[in-house]
């Protein structure tokens, strides 16, 4: 097994002159035999994948596998719903990966890690926890028989602290890289440093068709494979909410959604995916639509289904089950890229999202509601048009759309960097100034992060990690909250 190679190589140096009946030599050979047998068992248990013919990424299977055979890292670019997330791990299995170590497969959200693991396991005629497993915070369904391991990017970052060379992995897939979350950007920088030291490690980065050249340039012109397929046309309609100001417009959102859904249902453009800003808005809109159903002929017999990260497993599974009634799925931006909701023929987009943003002045990380970028709007539009011609109704004007930013600002350019700096210090990765980020953060955010950690006594005056800082780095929460917990523990309060 790959995880045994380095320790066995080191131990071999110390026992090479010992007789075979020496206890240390016996222990070495026993571990070696066990590792070889484990690898052989995993090869024998390797599932034989089958592929659905209707997914664009499957049509490019030969190109993807050839590129991966010839390169240490490749970028696979395709629209959400093209099959990248579910089919790429199966192609890696077919090439023999997942035997000496895991095929690691990261997702930005827990709901995606769990649902994707279930989907791939189903396609491999396996159960979750066997050939395919997942690991998220507080839940670990990975076994010795697991070949494909789904996890959040935060879980992989945490594993780096105890396995800096990622020796548990044959291959790593970084999914949804275009989201440019803080964790994803940190992983991409870390992998750039690691790959020369792990020439046997293969990496696949997947992205929607949003600026893939940026990732290619970051990894020294890595090859890009475009997994494009046939999409049906999507008609875009603009239906701005009439209001005197933004507050009035926000109050008018449920009524505007009702009108848009009635129009689409009357035209038989269902199922409908509605993008909202958060769980509270989803619940309020669901209640509003249910109350109006008795007065609306179009809404009669329509199922109202919520979708957000904190849903229970049963409610999440409901999204992917077969159904006979038309559905209106009310979702956060989790359905923008991470999940493909089956059967969607139309989209209603309010054009807003909650965005994590840090204020250096007030030292507060906020979640204001902001206008989404053109790229995000087009991602949302692309959720329909997979199975038939679609319709996307935007509850804002075309002029508003044209005035928006082209791309969403990466999280690393608008967030508190204390956690990143602390983790880098714990992993001995050097200064954040020289770390190979895809896009370097501003100096004011870097300096603010250092100041915060010094105020918490996590770093000393020379920016070196303190003993307290080591304890803080082991807590998967904001350093300020972690400092409170450690102080409470020291005082016997927890």
**Study point:** Global form of the stretch 71-155, assessed from the alpha-carbon gyration tensor, a/c cut-off 1.5
**Key:** rounded
**Study point:** Length released on extending from residue 359 to residue 279, taking residue separation times 0.36 nm less the Cα-Cα span
**Key:** 26.4 nm
Exercise for review: Work out how much length residue 296 to residue 38 would gain on full extension: take 0.36 nm times their residue separation and subtract the Cα-Cα distance, in nm to one decimal.
Suggested key: 86.7 nm
Study note, to complete from the structure: By Cβ neighbour count within 10 Å, fewest first, 173, 446 rank 446, 173
Revision key, fill the gap. Reduced to Cα centres, the span from the stretch 39-87 to the stretch 304-365 in Å works out to 27 Å
**Study point:** Simple spin-label estimate for residue 324 and residue 287 in nanometres, 7 Å along Cα-Cβ
**Key:** 3.1 nm
Review point. How far is helix 61-70 tilted off the main Cα axis of the chain, in degrees rounded to 10, range 0 to 90?
Key: 30 degrees
Point to revise | the chain - mean residue ellipticity at 222 nm from DSSP helices (-39,500 (n - 2.57) per run, n ≥ 4, rounded to 500) | key: -12000 deg cm²/dmol
Point to revise | Calculated P(r) tail over 20 Å for the stretch 416-490, as whole % of Cα pairs | key: 24 percent
Point to revise | For the stretch 56-226, diffusion coefficient by Stokes-Einstein and Kirkwood Rh (Cα), 25 °C, 0.890 mPa s, µm²/s | key: 156 µm²/s
Review point. Okay, which of the stretch 52-84 sit inside 20 Å, backbone N to the point 7 Å along the Cα-Cβ direction of residue 122?
Key: 52-58, 80-84
Review point. Taking R0 as 56 Å, what's the FRET efficiency between residue 268 and residue 161 from their Cβ-Cβ distance, rounded to 0.05?
Key: 0.55
Practice item. Relative to the longest principal axis of the C-alpha atoms of the chain, give the angle of the C-alpha long axis of helix 479-490, reported between 0 and 90° and rounded to the nearest 10°. Key: 60 degrees
Check your understanding: For 466, 85, what ranking results if the residue with the fewest other Cβ atoms within 10 Å of its Cβ goes first?
Key -> 466, 85
Point to revise | 127, 109, 380 arranged by Cβ crowding within 10 Å, fewest neighbours leading | key: 127, 109, 380
Exercise for review: Would you please give the FRET efficiency between residue 211 and residue 236, computed as 1/(1 + (r/R0)^6) with r the Cβ-Cβ distance and R0 = 22 Å, to the nearest 0.05?
Suggested key: 0.50
Revision key, fill the gap. Percent relative contact order for the stretch 234-409, counting Cα pairs under 8 Å at least six residues apart, stands at 31 percent
Review point. Sorted by packing (mean other beta-carbon atoms within 10 Å per residue), highest first, where do 197-206, 344-353 land?
Key: 344-353, 197-206
Exercise for review: Mind giving me the nanometre distance, one decimal, between the label points for residue 53 and residue 457, set 7 Å out from Cα along Cα→Cβ?
Suggested key: 6.9 nm
Exercise for review: Rounded to the nearest 10 degrees, what's the angle between the helix 279-292 long axis and the longest principal axis of the chain, both from Cα atoms, 0 to 90?
Suggested key: 30 degrees
Revision key, fill the gap. Taking a label point 7 Å from the Cα of residue 13 along Cα-to-Cβ, the residues of the stretch 185-224 whose backbone nitrogen sits under 19 Å from it are 197-199
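No value in this document is a laboratory result; all are computed from the given coordinates. Here the structure is a predicted model, which is why all the values come from computation and not from measurement. Cβ atoms come from the backbone with ideal geometry, glycine included; neighbour counts cover every protein chain shown.
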